[in-house]
Amino acid sequence: MSIGKQLAGLIGWLVLVYIAAAIGGFGSANAPVFYRELTLPGWAPPAWLFGPVWTALYTMMGVAAWLVWRQQGYAGTARPALKIFIIQLALNALWSWLFFGFYLGLIAFIEIIALWAFILATIILFWRQRKAAALLLVPYFVWVTFAAALSYQIWQLNPEVL
C-alpha cells in the first residue's frame, strides 16, 4: 500500500472517530452545566477532565482502526473487526445523547454496558489482526469501565432527573 493511501486511510479513520465525537458532543452540549447540578459521588472527576481524556481516546481509536485497516483494507479478516469497531463507535456517540441529551439514566446505563461489550469484542478482534491496535484501545476500555460505574452511581444519586 502506498504512503499516500496509508496517509489517506489514517486521515479517514481519524475523521470518522472525530465525527462520532462531534455527534456525541452535540448530545452533551449541556453536559458541563448539567454535570455541576448533579449529585456526584466523591470519586467523580472534575468536568474539565472529560474533554482532554476523550480527545486522546478518540485519537487512539482512530489510529487503532487504521492499523487494522492498513493490513488488508476493509476486506478479509479485518472486515469483521472494523465492523464491530464502527458499531461500538456508534454506541459511543449514542450514549451522550441518552444520558446528557435525553436524561435517560437507566437506558444510558444499559447502553454503556453494550458499548463496553463491543469495545471488548473490538479489542479481541483487533488483537488477532494487529496487537498494537488492540493495545491502543485498552485505555478506552478502562475509561468506559470507569464511566459505566460513574453513570450508574450518578443515575442512582439523581433519580429525580435521570
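Please treat every number below as a calculation from the coordinates, not as lab data. Keep in mind that this is a model prediction, so the values were computed, not measured. Glycine gets a Cβ as well: all are built from the backbone with ideal geometry, and neighbour counts include every protein chain shown.
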Percent of Cα-Cα pairs more than 20 Å apart in the chain, please.
50 percent
Highest mean first, what order results for 59-71, 142-154 on Cβ atoms within 10 Å?
59-71, 142-154
Let me have the 222 nm mean residue ellipticity of the chain computed from DSSP H runs of 4+ only, each contributing -39500 (n - 2.57), with the sum over all residues rounded to the nearest 500.
-27000 deg cm²/dmol
Compute the angle between helix 3-27 and the longest alpha-carbon principal axis of the chain, please, reported from 0 to 90 degrees and rounded to the nearest 10.
10 degrees
